[in-house]
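Below: the structure, in structure tokens.
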């Protein structure tokens, strides 16, 4: 069996890291909170999932086909905070030092790349993300990993966990989200349909395709009037929410593209010293002899003990996008 594939939804975890701990800076006044928490995340992944296959996936600007479907798609999201933007180059440098391929592709969001790789790769796939859109990929081979509260590793979510969360199985999640819409992506849903009603509708009457093609199935039900004339909204929302599964041609050599390198612990230590993440140095399996000893009252040591919330709210990632 192929070694399990680990896919990281980069910005999902970067934003979470930024909002988990606030107002950490080094002696030069540079913000370091996202770098600190993200490094801890990478250490945790390396410890629990030291697989030889994986990638960190980044968004690559606006996706034209979704903008054509809805010109207001994600228009409600504010710019990335400057305090986070300045940390992105260091985060990318650290991720590469940990041996992760950093992948992005025009006309693909990170979620789309995750879908394409998950469908093309052999063997088990684990996706590290808090984005509910990715839950549509979960099946008997694909699971999601979410960092657990209080730095307690990761919570794995398979078909049973996703079904318990949304009250519909992953196979019906596109229809479920299309009915509800998504405020974080600026996708309006069907008026009068909430989470409970959407789950009841799909579990009772089947996938949306069945009752959109045969509306008589809903005759006399409480859903008949609510869904009258909603076909175009639903179909558009399905196309917005459904992830691409076609693999970009330049990534066709999966063995090479998804090959992880061993972490360069010396480089990681150098970056941590440069950013003054002293307590992180204590956690590295290899620390150069000239590394400074962290002080007992080191600010970062105290910060590392503070529990990071399981889902960190942010202007760019509203609570509705997380689970």
In segment 112-132, anything under 13 Å from residue 156 (Cβ atoms) and in a loop (DSSP other than H, G, I, E, B) is listed as 124, 129
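Quick grid of which residues meet (1) buried (at least 17 other Cβ atoms within 10 Å of the Cβ); (2) at pLDDT 55 or above; (3) farther than 21 Å from residue 125 by Cβ; (4) touching a helix residue (DSSP H, G or I) at 6+ places or on another chain (Cβ under 6 Å):
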{"position": "255", "(1), (2), (3), (4)": "no, yes, no, no"}
{"position": "259", "(1), (2), (3), (4)": "no, yes, no, no"}
{"position": "270", "(1), (2), (3), (4)": "no, yes, yes, no"}
{"position": "295", "(1), (2), (3), (4)": "no, no, yes, no"}
{"position": "301", "(1), (2), (3), (4)": "no, no, yes, yes"}
{"position": "315", "(1), (2), (3), (4)": "no, no, yes, no"}
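Condition check ((1) part of a strand (DSSP E or B); (2) closer than 16 Å to residue 7 by Cα; (3) without any contact (Cβ under 8 Å) to a residue 24 or more places away in the chain) across all residues:
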position	(1), (2), (3)
134	no, yes, no
163	no, no, yes
175	no, no, no
179	no, no, no
Counting only residues in segment 40-67 that are modelled with pLDDT of 90 or more, over 25 Å from residue 263 (Cβ atoms) and out of contact with any helix residue (DSSP H, G or I) (no Cβ under 9 Å at 6 or more places or on another chain), the one surrounded by the most Cβ atoms within 10 Å (Cβ to Cβ) is identified as 67
**OP:** Could you check, for segment 130-139, whether at least one of its residues is modelled with pLDDT of 95 or more and surrounded by fewer than 21 Cβ atoms within 10 Å (Cβ to Cβ)?
**Re:** yes
Flagged in segment 40-67 as farther than 21 Å from residue 104 by Cβ and assigned to a helix (DSSP H, G or I), in numbering order, are 40, 43, 44, 46, 47, 48
Do we find that residue 150 is at pLDDT below 95, more than 16 Å from residue 54 (Cα to Cα) and not in a loop (DSSP other than H, G, I, E, B) in this structure? yes
Looking across segment 68-92 at residues that are at pLDDT 95 or above and in contact with a helix residue (DSSP H, G or I) (Cβ under 6 Å, 6 or more places away or on another chain), the single one that is surrounded by the fewest Cβ atoms within 10 Å (Cβ to Cβ) is 90
| Is there a residue in segment 21-39 that is under 22 Å from residue 133 (Cα atoms), touching a residue at least 24 places away in the same chain (Cβ under 8 Å) and out of contact with any helix residue (DSSP H, G or I) (no Cβ under 6 Å at 6 or more places or on another chain)? | no
inquiry  = Can you find a residue that is assigned by TED's automatic domain parsing to the domain that holds residue 139, at pLDDT 95 or above, closer than 30 Å to residue 43 by Cβ and not in a loop (DSSP other than H, G, I, E, B) anywhere in segment 230-251?
reply    = yes
The residue that is nearest to residue 14 (Cα to Cα), considering only those in segment 112-123 that are surrounded by fewer than 24 Cβ atoms within 10 Å (Cβ to Cβ) and touching a strand residue (DSSP E or B) at 6+ places or on another chain (Cβ under 7 Å), is 118
When you look at residue 37, is it more than 30 Å from residue 255 (Cβ to Cβ) and crowded, with 17+ Cβ neighbours inside 10 Å, yes or no? yes
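The values are calculated or read from the model by the stated rules, or taken from the named source; none is laboratory data. Because the structure is predicted, anything quoted here is derived from the model rather than measured. We place every Cβ from the backbone using ideal geometry, glycine too, and count neighbours over all the protein chains shown.
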